[in-house]
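Structure record follows, encoded as structure tokens.
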Amino acid sequence: MTAALPHAPAPVTASAPVSRLRTAARRHGPVLALFGALKLTGFCSFMYLLSSAGDFRSRDPRFGGGAHAWDVLATWDGWWYQQIALHGYDPKLVHVPGATGLITLEGNSAAFFPLYPALMRLVMAVTGLGSYGAGLLVSVLASFAAALGIHAVAERFGGRRAGLAAAGLWAVWPGSGVEWAVYSDSLYVALAAWTCHAVMTRRWLTAGVLCFAAGLNRPTAAALVAGLGVAALLALRREEEGPRPLLAAALAPLGLFGYLLWAGNRMGDLTGYFKLQSGAWAHSFDYGEQTLDVLTSVPVGRFDYLFAYPFADVIAVGVILLACALLPLLVRLRPPAVLVVYTVLTLALVLGSQQIVANISRYLLPCFPLFLPLAVAMRRLSLPVQCTLLGIAALASGSYAGYALFELGVP
């Protein structure tokens, strides 16, 4: 008799989670690498400009100053977010004695929506970081999530190469200096991009939850709520989706309206949030009067309008004109209704408000659908050429997207 041959060992196969992780790394790794490299380039350029100019050393630590260059990242609105994360809210309407001009109320933390400082507080509790480190960590992680969301939306129009270009544009766009700062912008754009993607892929309940969260982060989420609502109505008209679009549309505005009602109730005036914005920050809807004043003044070298910051305002005017030029190109791509409604209403809310115009390059960061025409055009370029162009823009962004906002304007 011959001895039975031993069985050959079974081949070792990767477990399902490891396989999924490798697939995700192959799919998303290039997007994250490109975005991270561009942001790091712009960030280092910004820090170099701050250090070489040195003006931050003589400025108030709340208003673009600090002991180190990186302290600037937590000034202006960043100071308020830290106060909320550390001490919570104290909503109230307090009149400035004898004030009769634009500013008649004392500013307080209720002007800033709660989701971002709540996440800061959570990170502080879990990691032991201070408010600065926690805020920066939330913003950086959210900026990568936003890059992935913008890539996912753009990929549906122009393929993977267009998706990479769109993620790269998000890294270098005017106003992108706040993406890696103690600001809520990256978190909002991440939520908005993935909300739009969820609507486009008919994941209605996911879209409703994400839009709900976005409403807890920024008041301009009203544009996102409207975009989802229009898309839901169109889906109901087709009678293909069941009740899910209606549920998503009902859930979407609850975060925004919930915070406004809570703040108004604490102030003793249900319209208190808007009175605070107008009376403490001179920020109100004026149907574009302030924007028109700037657009007709800056081109002829006049800076005698409200809240003039000449260098930053020149950049803001360029961003406004660029946005207006890209909008018809976006419509020409025939994108889903959610993208068109969201973009048009965001533009209307921003350009129709009385505000510090230098901020507009930051306020228009959520208009990521405007990247799509450029991204689709850039897909024709080879990857090395794409990276070269975006790299040059990233290097320059330290000035136009960072220094111009934090030191030459008010972000």
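The values are calculated or read from the model by the stated rules, or taken from the named source; none is laboratory data. The structure presented is a predicted model; accordingly, all values stated were derived computationally and were not measured. All Cβ positions, even for glycine, are placed from backbone atoms using ideal geometry, and neighbour counts span all protein chains on display. Surface areas here come from the heavy atoms of the whole protein model, side chains and all, with no ligands, DNA or RNA. Shrake-Rupley method; radii C 1.70, N 1.55, O 1.52, S 1.80 Å.
A few remarks follow.
- Ranking H151, H95, H68 by solvent-accessible area of protein heavy atoms (1.4 Å probe, all protein chains present), from largest to smallest, gives H95, H68, H151.
- Tilt relative to the chain, helix 310-332 - C-alpha long axis, 0 to 90 degrees, to 10: 50
- Cβ-Cβ FRET estimate between Y305 and A25, R0 fixed at 51 Å, reported to 0.05: 0.50
- Sites listed here are GluC sites (Glu not before Pro) in segment 171-255 whose DSSP assignment is loop and whose Cβ has at most 10 other Cβ atoms within 10 Å: E239, E240.
- Sorting 194-200, 166-172, 26-32 by average packing, meaning the other beta carbons within 10 Å per residue, from highest down gives 166-172, 194-200, 26-32.
- Accessible area of segment 304-411 belonging to carbon and sulfur atoms, whole % at 1.4 Å probe: 74
- Simple spin-label estimate for R156 and L389 in nanometres, 7 Å along Cα-Cβ: 2.4
- Projected-area average for segment 40-125 over all orientations - Cα convex hull basis, square nanometres: 7.9
- Rounded to the nearest 0.05, the FRET efficiency derived from the C-beta distance between E240 and T100 at R0 = 51 Å is 0.30.
- When segment 316-367 is reduced to its Cα atoms, the Kirkwood hydrodynamic radius in Å: 11.4
- In angstrom, the C-alpha Rg and Dmax of the chain are 23.1, 111.
- With N the number of residues in segment 250-362, Rg(Cα) / (2.2 N^0.38 Å) evaluates to 1.26.
- 0 to 90° range, to nearest 10: angle between helix 337-351 axis and the chain longest Cα axis: 20
- Each eigenvalue of the Cα gyration tensor of segment 353-408, multiplied by 5 and square-rooted, gives one semi-axis; in descending order these are 26, 17, 5 Å.
- Each of F157, F112 has its accessible area taken with a 1.4 Å probe; listed largest first, they run F157, F112.
- Probe 1.4 Å, accessible area per residue of the chain, Å²: 45
- Probe 1.4 Å, all protein chains present, accessible-area order of K275, K39, largest first: K275, K39
- Listed peptides 315-325, 356-366, 132-142 by packing density, highest first (mean Cβ within 10 Å): 356-366, 132-142, 315-325
- Rolling a 1.4 Å probe over the protein heavy atoms of segment 184-250, with every protein chain left in place, gives an accessible area that is 68 percent carbon and sulfur.
- Segment 84-132 - percent of accessible surface contributed by carbon and sulfur, probe 1.4 Å: 63
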